[in-house]
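The values are calculated or read from the model by the stated rules, or taken from the named source; none is laboratory data. Just so we're clear, the structure is a prediction, and the values are computed from it rather than from any experiment. Note that we place each Cβ from the backbone using ideal geometry, even for glycine, and neighbour counts take in every protein chain shown. For the accessible areas, the whole protein counts, side chains as well, though only heavy atoms, and no ligand, DNA or RNA atoms are used. Shrake-Rupley method; radii C 1.70, N 1.55, O 1.52, S 1.80 Å.
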Amino acid sequence: MSGSITLGIYEKALKSPAEPDDWDAFMSQVAADGFTFMDLSIDESDKRMARLDWTAAQASTFRQAADRQGVQVGGICLSCHRKVGPGSADPAVRRQAYEIFLKAIDLAHEAGIPLIQVAGYYAYYEDPDPDQRARYVEVLARAAEYAAQAGVMLGIENVDGNDITSITKGLAICDQVGSSWLSMYPDIGNLYEQELDAVAELRAGAGRMLAIHVKDVLPGQPRRITMGEGCADFPTAFAELARQSWSGRIMLEMWNDDSDQADQIVANARKKVETWLRGADMEVLDPRG
């Protein structure tokens with residue numbers, strides 16, 4: 001075998017529990033659907049951004065539910081920075097973006113979550129300007145200093161749009177920041193959505209990919225494409241990971257919008273990903289040990 005893989009699932013792929021804070025009910029889905037870990041979402045919605053203000057007790061309650069259900073928490077998907085851009089021209093927005101980093105890092109530390117996915121959007125809802133990237137890097141560099149003190153890794157996700165759209169662009173920012181606590185959390189689907197050379201990009205990221213997202217896509221459609229029905233060539237991408245002997249966590253990023261069929265949808269997607277991984281001679285670890 002060329003590498004050992006642990007599979008996880010995105011929070012939004014599963015059904016929300018009837019009671020908002022019934023994390024045991026939520027985590028039981030993760031285990032029942034055959035995954036080892038899940039990634040928590042802190043997106044642009046008020047509901048999920050409120051998690052940034054969880055008390056230490058709330059963070060502990062979340063973690064204890066995962067432990068009871070035998071589920072790992074792989075990371076936090078901190079996509080709310082699409083709304084509050086670190087590269088904003090407005091100093092007040094940049095301050096808020098930095099505060100979001102601090103709160104997310106504190107939450108990860110308190111809940112025992114090792115990794116925060118950093119969205120590669122400079123200032124998504126603002127008109128582009130030539131200084132956006134530099135402002136983004138300045139805020140991210142300060143966040144990386146804080147993450148180092150807390151012992152929490154930051155991983156940049158290559159995104160849709162026009163900002164950090166590739167692994168190579170993300171690595172250039174990592175090199176500029178120069179922190180051991182900042183690396184890449186690549187999204188293979190987004191490489192194909194951008195019509196990039198995914199193999200070349202993954203090769204550029206060798207040794208610097210903390211974990212990986214997979215989702216299917218079409219050009220210009222980065223979300224809600226059924227796994228196996230888009231343009232992402234996962235067998236070829238996984239063959240490159242196997243060539244690198246890459247081992248680690250791969251998270252299936254899906255949005256099932258509380259569908260009654262969510263369990264079946266994610267289980268089917270997991271089976272497809274497992275088939276592609278094994279076809280690349282990569283070992284998929286059994287969540288039951």
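Remark: spin-label model distance S45-Q149 equals 3.3 nm, labels positioned 7 Å along the Cα→Cβ axis.
Among 272-282, 102-112, 220-230, the peptide with the highest mean count of other Cβ atoms within 10 Å heads the list, and the full ranking is 102-112, 272-282, 220-230. Rounded to the nearest percent, how much of the accessible area of the stretch 4-284 (1.4 Å probe, protein heavy atoms only) is carbon and sulfur? Looking at the stretch 4-284 in its full context, I get 46 percent from C and S. For the pair the stretch 199-262 and the stretch 1-38, the centres of their Cα atoms are 17 angstrom apart. Inter-label distance, A92 to Q64: 4.0 nm, where each label sits 7 Å from its Cα along the C-beta direction.
Estimated at 0.36 nm per residue, the fully extended path between L218 and S245 surpasses their Cα-Cα distance by 6.9 nm. Surface listing: R48, R63 arranged by accessible area from highest to lowest gives R63, R48, probe 1.4 Å. Which shape class, rounded, prolate or oblate, goes with the stretch 28-76 when its Cα gyration tensor gives a ≥ b ≥ c as root eigenvalues, a/c under 1.5 marks rounded, and past that a/b bigger than b/c marks prolate? Oblate shape, in that a/c is at least 1.5 and b/c is the bigger or equal ratio. Normalised per residue, the accessible area of the chain is 41 Å², obtained with a 1.4 Å probe and no contribution from ligands, DNA or RNA. Looking at the stretch 1-133, what % of its DSSP beta bridges pair antiparallel, to the nearest 5? Counting only bridges with both partners in the stretch 1-133, antiparallel ones make up about 0 percent. Between C231 and Q261, full extension at 0.36 nm per residue minus the direct alpha carbon distance yields a gain of 8.4 nm.
In sequence order, the stretch 117-132 has phi-based couplings of 7, 9, 5, x, 9, 6, 7, 3, 9, 9, 5, x, 9, x, 9, 4 Hz under the Karplus curve 6.51 cos²θ - 1.76 cosθ + 1.60, θ = phi - 60°, and Gly or Pro positions carry x. Spin-label pair R142-A57: with each label point 7 Å from Cα along the Cα-Cβ axis, the two points sit 3.2 nm from one another. Rounded to whole numbers, the Karplus 3J(HN,Hα) couplings from phi for the stretch 258-271 are 6, 4, 5, 9, 4, 4, 5, 4, 6, 5, 5, 5, 4, 4 Hz, using 6.51 cos²θ - 1.76 cosθ + 1.60 with θ = phi - 60°, and x at Gly and Pro. Length gained on full extension, D281 to R208: 24.1 nm, using 0.36 nm per residue less the C-alpha separation.
For the stretch 159-289, the Cβ-based charge dipole about the Cα centre amounts to some 400 debye (Lys, Arg positive; Asp, Glu negative; other atoms uncharged). Ranked by the mean number of other Cβ atoms within 10 Å per residue, highest first, peptides 33-41, 64-72 order as 33-41, 64-72.
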